[in-house]
Protein chains: 6
Amino acid sequence: MPLVKMVEYRDAPPAARSVFDDIMATRKTDWINNFWKVLAADPPTLARIWDNVKRVMAPGALDPLTKEMLYIAVSVTNGCEYCIHSHTASARAKGMTDAQFAELMAVVGLANETNRLAEGYRIPVDPQFLPK
Amino acid sequence: MPLVKMVEYRDAPPAARSVFDDIMATRKTDWINNFWKVLAADPPTLARIWDNVKRVMAPGALDPLTKEMLYIAVSVTNGCEYCIHSHTASARAKGMTDAQFAELMAVVGLANETNRLAEGYRIPVDPQFLPK
Amino acid sequence: MPLVKMVEYRDAPPAARSVFDDIMATRKTDWINNFWKVLAADPPTLARIWDNVKRVMAPGALDPLTKEMLYIAVSVTNGCEYCIHSHTASARAKGMTDAQFAELMAVVGLANETNRLAEGYRIPVDPQFLPK
Amino acid sequence: MPLVKMVEYRDAPPAARSVFDDIMATRKTDWINNFWKVLAADPPTLARIWDNVKRVMAPGALDPLTKEMLYIAVSVTNGCEYCIHSHTASARAKGMTDAQFAELMAVVGLANETNRLAEGYRIPVDPQFLPK
Amino acid sequence: MPLVKMVEYRDAPPAARSVFDDIMATRKTDWINNFWKVLAADPPTLARIWDNVKRVMAPGALDPLTKEMLYIAVSVTNGCEYCIHSHTASARAKGMTDAQFAELMAVVGLANETNRLAEGYRIPVDPQFLPK
Amino acid sequence: MPLVKMVEYRDAPPAARSVFDDIMATRKTDWINNFWKVLAADPPTLARIWDNVKRVMAPGALDPLTKEMLYIAVSVTNGCEYCIHSHTASARAKGMTDAQFAELMAVVGLANETNRLAEGYRIPVDPQFLPK
C-alpha cells in the first residue's frame, strides 16, 4: 500500500494530466504505471522527475537498452523491488534476451563481491588507473 | 595501506604466479594490478576470483564494454573507490567515450534517486511488469 | 513472519513488561508495536534499544518532528519497509503535512542521486568545506 | 583526482558559465565548488542537476536548514565523503549549532541500527502504521 | 514471483541436474531450494556459483557455523530477505542457539550504527590500527 | 579531518574522562582511539555509545573474536574505512589468524554476490526456511 494516494488519469489535475499524456506519447503506451500515479500526488515532483527520466533515458551516446540494463544493475544493487520489475520489463520490451539478462545478473553479482574485497582489504588504487 | 601484504610477481609462489601469468596473457598486459597482488596472499582465493572474473567478463551475449559499464554502475552505487578507478580505466581502454561515460553516470545517478522514491513511497508493482 | 516469536504484553516477563509500560507511558499510547514485541524475545536488548530510542528521540536541540523526518530519510535510503511505515506514521502523528512529506522525499531522492555523482566522479572536497 | 577534468569559470563555455552565474547569484557566493566544476564537463547534466537542486532545496513546506540536515542524513548513511563535507558546511552556514549536529548524528546512527534490527528479524508492519 | 522460470529437478537438463545432485549430496538433504532452481535457468552460472559456495563455506580456518553467522551479518546489512531466511535456517540447523542469534543481531545492529558515526564524523584512522 | 574537534584525555571534562577511564580499564590499554575522542565532543553520546559497545561486545553466547569478525563483516559491507581498520586490529589482537581473516573476507564477498542474485531475481523464500 503506497504512502500517498495514487492519482488515476481520470482524477488527475491538469498539471499532472499533461505529464501523463507526455509519458504515454513518449513511450507509445496507453497506460500509466504506479510510479507516476504516486508522484502525481505532488505535481511539481511528477513533472520534474519525468523531465529528468525523459532526458536521461533518451537515446544518445548509449542506446536505450544499455541504459535500461544500467538501471537494472543499480536497482539490483540497491534491492529495489519496484525498479527491478519495471526496468526488467522495460529492457525486455526493448529486446533484452534471456542470455543477456543472465549475463547482466552475473556481472552485477560479481561486481558486488569484488567491490567488497577491494573495500575490505583497503586496496590502494594503482597509479596506472588514475586519470591523466 | 592494504590489510595484507601485497605479493609481487617475483615473490609469488607457483600457485599465484600461474594465475598472474594467465591474467597478463588474457588481458594482453605486462603488469598485475593491486587487486590481484592482495588476493595473492591467499592463493586459492586468487585463483577462484580470477576464474570467476575471467568467465563472467568474457564476451558473450553482452559485449565487454557493456559489461565494464555495468561494473562501473555497481561500483559507483556502492561507492567503491578502487573499483570505480579500475573499471573506468578498463572501460576507457575498451573504447568508452567521454559522452558515453557522462550518460552512464547520469543514468546511475537518476536510478539511485528513483530507487529511493519507489522504496520510500512503497509503490506497488504493476501487474503488467510481472513476469508471465 | 518474524524470525523470533513476538512477545505479547500478557505473556511478557517482568523485565520486558516494565519496558513495555515505559514505552506506552512515554508515548502516551495503549499498545505496543511489533518492533518491541520482537525485541522482547531478548529482554536485555529490548531494554537497551528502548533506552537509546528514548534518549535520542527526546526533544532537545532538534524538535521531535525533525528527528522523525531524519529517521525517515535514513530508512528510505536503506529501503527498510518496517521503519518507513512506522516513522512516517509517527511523523504524521507529530504533525507532518503532505507537503512536508513530499519535500522530504524529494530531498532524499536528490541526495541519493548527487551522492553517487560525487562518489562516482571522485570529486575532491573543496578546502572551503573542511572544518577549521 | 576526479575522473573528468574540472572546468574553471574562466574556461567555461557559455552554457556552463550561465549555470555558474546562477549558482553564485542564488547562493550569494563568489565561488563555484568542485561538484559543479566536474559536472560542467557535460553542460546538459550541469544544467539539469542544478535545476533540480535549486528547486528541491528552495524554501517551501520545509525550511532550508531542515533540508540540509536531511541531505546530511542521507549522505552519512551512504558514506559519501564529499556530500558530508559540503552539506555540513552548508548547514552550518544556515545556522546549524554543534548541539543540533550532534543530535542529527545520533539519530542517523540509531536509525541505521534499528533499520537492521527490523530488517533482520523480518518484523511485520503493524496494521496501525499503514496509510488509511 | 521470480524473474526467470525456476527449474525443477525432474525438468533439469543434465548440466543442471548434476549440480543439483552435488548440492544434495554435499548438504545431505533431499531437496533443492529456490535459489538454485532460479540459477538453473542459466546452467553455467548455476555451476559457477555452486562451486564458489561449496569452496567458501566448507570447514576451514573458520567453522561452518561461524561462516553462516557471517553470511547472516552481511545479509541483514543488505536487507536481503531471501538470504536472511535461508542462512538463518542453515545456521539453526548447524546448532545456532536463540541466545547466539540474539547476540549476532545485536552486534550487526550496533556495527551499522557505529559505522555511520565513524563515516559521518570523518574520523581519521589511528596509526596504531594500521597494518605494520 | 574530523567534523568536530577531538577531545584529548588531558582536556576532557569529567563526564568524558570517566568514560575514557572505563574504556581503558575494560580494554586493558593505556590509550584512547579517535572514535571516542570524537564522540567526546558530545559527552552524553560518548557515554551512551560506550555503554552499548561494552554490553554488546562482552563475552556471552558468542565469544569476543566471533563478535569482532561479525563487526568486520558489517563494516566491509558498508565500506567503512575506520571500522574496518579498528575492528581488524582488534580481531587480530584477539587471535584472528591470517587464514581466518582470508576466509572471513571470502564469505563476506560471496554473501554480497549471492544477496544480489537473490534480490535481483526476486527469488521467493522456500517455505522450509520459514520459522515454525
Per the filter on the range F:66-94, residues of a type in the set (Phe, Trp, Tyr) and in contact (Cβ under 8 Å) with a residue 40 or more places away in the chain are F:Tyr82
Apart from one, (1) in contact with a Pro (Cβ under 8 Å, 6 or more places away or on another chain); (2) over 30 Å from F:Asp98 (Cα atoms); (3) more than 11 Å from chain C (Cβ to nearest Cβ) all hold for B:Ala15; the odd one out is (2)
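Can you say whether E:Met1 is at pLDDT below 95 and surrounded by fewer than 19 Cβ atoms within 10 Å (Cβ to Cβ), as far as the supplied structure shows?
In short, yes.
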Exactly one of F:Lys37, F:Lys54 is buried (at least 20 other Cβ atoms within 10 Å of the Cβ) and at pLDDT 95 or above, and that residue is F:Lys37
Sole miss for C:Val107 among (1) part of a loop (DSSP other than H, G, I, E, B); (2) under 18 Å from the mean Cα position of the chain (by Cα) is condition (1)
Every listed condition ((1) assigned to a helix (DSSP H, G or I); (2) over 30 Å from D:Pro131 (Cα atoms)) holds for B:Glu119 save (2)
Note: among D:Lys54, D:Lys37, D:Lys67, just one is facing another protein chain (nearest Cβ under 7 Å) and basic (Lys, Arg), namely D:Lys67
Taking the range D:37-68 and keeping only residues that are among the charged types (D, E, K, R) and touching a helix residue (DSSP H, G or I) at 6+ places or on another chain (Cβ under 9 Å), one is left with D:Lys37, D:Asp42, D:Arg48, D:Asp51, D:Lys54, D:Arg55, D:Lys67, D:Glu68
**Asked** Among the residues of the range A:72-87, is there at least one that is within 9 Å of the chain's Cα centre (by Cα), over 27 Å from E:Asn78 (Cα atoms) and modelled with pLDDT of 95 or more?
**Response** no
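Yes/no per residue for (1) within 30 Å of E:Leu46 (Cβ to Cβ); (2) not aromatic (Phe, Trp, Tyr):
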site: F:Lys37; (1), (2): no, yes
site: F:Arg55; (1), (2): no, yes
site: F:Leu65; (1), (2): no, yes
site: F:Tyr82; (1), (2): no, no
site: F:Glu113; (1), (2): yes, yes
If we keep only residues of the range D:108-132 that are within 10 Å of chain E (Cβ to nearest Cβ) and among the acidic types (Asp, Glu), then the residue farthest from C:Glu68 (Cα to Cα) is D:Glu119
Note on the range A:83-107: residues within 11 Å of chain F (Cβ to nearest Cβ) and among the hydroxyl-bearing types (Ser, Thr, Tyr) are A:Thr88
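The values are calculated or read from the model by the stated rules, or taken from the named source; none is laboratory data. Just so we're clear, the structure is a prediction, and the values are computed from it rather than from any experiment. For neighbour counting, all protein chains shown are included, and Cβ atoms are generated from backbone atoms with ideal geometry for every residue, glycine included.
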